Every structure is written in structure tokens, then in C-alpha cells.
Amino acid sequence: QNADAGPAALESDPVVKLTLPKSDLKIVERFSKIVELDRKIKAVDGFDPEVIDVTALTPNRIRVQAVAPGVTTMLIFDENDVSFDVEVFVTGDVRHLQAYLKRMFPTSAVEAIAVRDSVVLKGWVTQPEEITRMVEVAQQFYPQVLNQMTVGGAQQVQLNVRVMEAQRAKLRQFGFNFGYFDGDS
């Protein structure tokens, strides 16, 4: 997939082919992506080794391993000294917590987002007591939980409507004048 194909492509595809001089790359902590160039890779420089690790695979492919959440810039030079500036975003792995929340609270719409050693819970719950219970579950995974949840969700209003049918002649017996409403005299 080309790096200019859009942000969703860079998040889900394991192989990213760089074609633009500047691009973004998102990787979940402890996962990796393969970055590919059309030409041979001459050098990779400038990245923070505490955030990512880079390993050569073939002359035109490297593996970028996410070590810890953070952001770093990776400069890749091809054999013609053309440079590719890749901003790498490593996010924390919250999939385990997210799976628990979805299973335990199926009517809620809450997303867990890892921020360093903390997690942010944001979205909607249908019952106020679910917020406290979700925070308690999240604290089993992260020492600090930032609560950005609100009570809401699908609100329904029940409307009872009764339709009455009546013959025009019978309504006139009760003194109802249809001519007054439809413009007739």
C-alpha cells in the first residue's frame, strides 16, 4: 500500500510503500510494519531507539518495530540520496482492555486510548453507574484512568397517537364546520 493512500491504509497494512517525501506511520506498541522503497535503502537515521527499532530485511525493505508509545521521526535515504521523512506514531496497546469493555458493557460506546502509562476512556454510556464500573476495570490495566465518558446514548421518546375516523356528516351534527378550516364558507 502506498503511503499516499490515506491514513487508514497506513494503520492497517503490514507493508507500507513510501512514495512521498513526507508521510506518517502509525504502529501499535510491540507490533511492527515493513517499510518499502522502490530503490535500495542506503541509510536510516534520526529515530529515537526508545520508541522504535529498525532492522534491514532486504535491500529495499526495513522492519520498523514499535518499542514504546511515543513519536519519533525516521529519515530514510535511498541509493540516489533521495530522502523520505517519516513521522512514526507509536500508540499503546489497549485491545485487551477494549475487548473487556465491549463484552462487559455491550450498550456503551466507549473507546480506550493509551497515553503513556495512563488510559483515556471517552464516549457514551447508557447508565451512570457504568462509568464507575468501567474505571474500576481499566484500573486493572493502567495505574491512571482519565474519565471522559458521558451518560447519554440513544434516547427514545414514546409518542402515542390516536387517529379517529369520523364521517363528515356526523361531525356536522356536533356543530363542526369543515368549511371554516379548508377555506369554504
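Please report how many Lys pairs in the range 1-132 have alpha carbons closer than 25 angstrom, counting only residues at least 8 apart along the chain or sitting on separate chains.
Close lysine pairs under the 25 Å cut-off: 13.
Please sort 116-126, 73-83 by packing, taking for each peptide the average over its residues of neighbouring beta carbons within 10 angstrom, highest first. If you can, show how the numbers build up before the last one.
On the way: 116-126: 16.5, 73-83: 14.5.
Final packing ranking: 116-126, 73-83.
Mind checking the range 15-53 for GluC sites (Glu not before Pro) that DSSP puts in a loop (not H, G, I, E or B) and that have at most 12 other Cβ atoms within 10 Å?
Working: sites: 29, 36, 50; in loops: 29, 50.
Answer in residue order: 50.
Values quoted throughout were computed directly from the atomic coordinates according to the rules given, and no laboratory measurement underlies them. All figures in this text were calculated on a predicted structure; none of them were measured in a lab. Glycine also receives a Cβ, built like all others from the backbone with ideal geometry; neighbour counts cover every protein chain displayed.
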